[in-house]
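My questions will all concern the structure given below.
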Amino acid sequence: MFPRLPPVTKALLIANGVAFVLQYLAGSALDIFQLWPIGLDQLSPYAQPFMPWQLVTYAFLHDPQSIFHLLFNMLALAMFGAPLEYTWRSKRFATYYFVCVVGAALCQLAVGWWAMQSGSGAAPTLGASGGVFGLLLAYGMLFPNQRVMLLFPPIPMKARTLVIGYGVIELLLGISGAQPGVAHFAHLGGMLFGWLLIRYWRGQPPFGGGRKGPPRPRIVR
């Protein structure tokens, strides 16, 4: 399967794998590449300052103590990223993925700022899940009736149903705080920015009045 993956999807898989190994070897030396809440370093001596590059670099890091986080994200990246890249071609696919990654980071920064203002705890964010959830949304929009199979439990369903289900679950978990330690609003941010970008490409509201149909062929007599 790996040799048949398109180039950007393959490069992302390799980059995430290499970063995981470096994390395991270097430990906390790579903490500066995680996404740190703005201002947390002023409150805690153990926090790193926010830096602009973290809007992208956090998406290549995963918990070195849990390989399952990495494996789940990379499986989803290969499953949903490859058909999207074949459809969009590499340049548009890469643009979409990194817009979702940055959008997820911006949403998470906003949530982290609000948490600190309200006196709640804030922590750095890492993982490719924001970009992966953006890919999931795009797959559901482009191939809504494609049948997909969940891993746990192994239930087949349409891609559109899967996207809606995941979106609702992430929203409920984010609002309720029932699953702390997971950046649910980063996941939702990846989906939101992916949805907005696809709407922009299609010329649909809020970016336009909708894409017009192709012009009718002219009949030459």
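The values are calculated or read from the model by the stated rules, or taken from the named source; none is laboratory data. A quick note: this is a predicted structure, and the numbers were derived from the prediction, not measured. Every residue, glycine among them, receives a Cβ derived from its backbone with ideal geometry; neighbour counts consider all protein chains shown.
Going through the stretch 56-72 one residue at a time, which ones are surrounded by 15 or more Cβ atoms within 10 Å (Cβ to Cβ) and either touching a Leu at 6+ places or on another chain (Cβ under 7 Å) or more than 17 Å from Phe133 (Cβ to Cβ) (or both)?
Thr57, Tyr58, Leu61, His62, Pro64
Report, by residue number, each residue of the stretch 100-133 that is under 11 Å from the mean Cα position of the chain (by Cα) and surrounded by fewer than 22 Cβ atoms within 10 Å (Cβ to Cβ).
Of everything in the stretch 100-133, just one residue is under 11 Å from the mean Cα position of the chain (by Cα) and surrounded by fewer than 22 Cβ atoms within 10 Å (Cβ to Cβ), namely Val102.
Look at the stretch 96-118 and say how many of its residues are without any contact (Cβ under 8 Å) to a residue 60 or more places away in the chain and not hydrophobic (A, V, I, L, M, F, W, C).
Within the stretch 96-118, residues that are without any contact (Cβ under 8 Å) to a residue 60 or more places away in the chain and not hydrophobic (A, V, I, L, M, F, W, C) number 2.
(1) over 15 Å from Leu196 (Cβ atoms); (2) surrounded by fewer than 18 Cβ atoms within 10 Å (Cβ to Cβ); (3) under 13 Å from the mean Cα position of the chain (by Cα): which one isn't true of Thr95, the others all being true?
(1)
Can you name the residue in the stretch 175-191 that is without any contact (Cβ under 8 Å) to a residue 40 or more places away in the chain and either in a helix (DSSP H, G or I) or of a type in the set (D, E, K, R) (or both) and, of all such residues, is nearest to Leu136 (Cα to Cα)?
Checking each candidate, the answer is His184.
Matching residues to (1) touching a His at 6+ places or on another chain (Cβ under 6 Å); (2) in contact (Cβ under 8 Å) with a residue 24 or more places away in the chain:
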{"residue": "His62", "(1), (2)": "yes, yes"}
{"residue": "Leu84", "(1), (2)": "no, yes"}
{"residue": "Ser120", "(1), (2)": "no, no"}
{"residue": "Ala128", "(1), (2)": "no, yes"}
{"residue": "Ala138", "(1), (2)": "no, yes"}
{"residue": "Pro156", "(1), (2)": "no, no"}
{"residue": "Leu162", "(1), (2)": "no, yes"}
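So for the stretch 35-51 (the condition being under 17 Å from Leu12 (Cα atoms) and surrounded by 14 or more Cβ atoms within 10 Å (Cβ to Cβ)), does at least one residue qualify?
No, every residue in the stretch 35-51 fails to be under 17 Å from Leu12 (Cα atoms) and surrounded by 14 or more Cβ atoms within 10 Å (Cβ to Cβ).
Checking the conditions here, which among Tyr166, Tyr139 is farther than 18 Å from Val102 by Cβ, touching a helix residue (DSSP H, G or I) at 6+ places or on another chain (Cβ under 7 Å), crowded, with 16+ Cβ neighbours inside 10 Å and modelled with pLDDT of 95 or more?
Of the residues listed, the single one that is farther than 18 Å from Val102 by Cβ, touching a helix residue (DSSP H, G or I) at 6+ places or on another chain (Cβ under 7 Å), crowded, with 16+ Cβ neighbours inside 10 Å and modelled with pLDDT of 95 or more is Tyr139.
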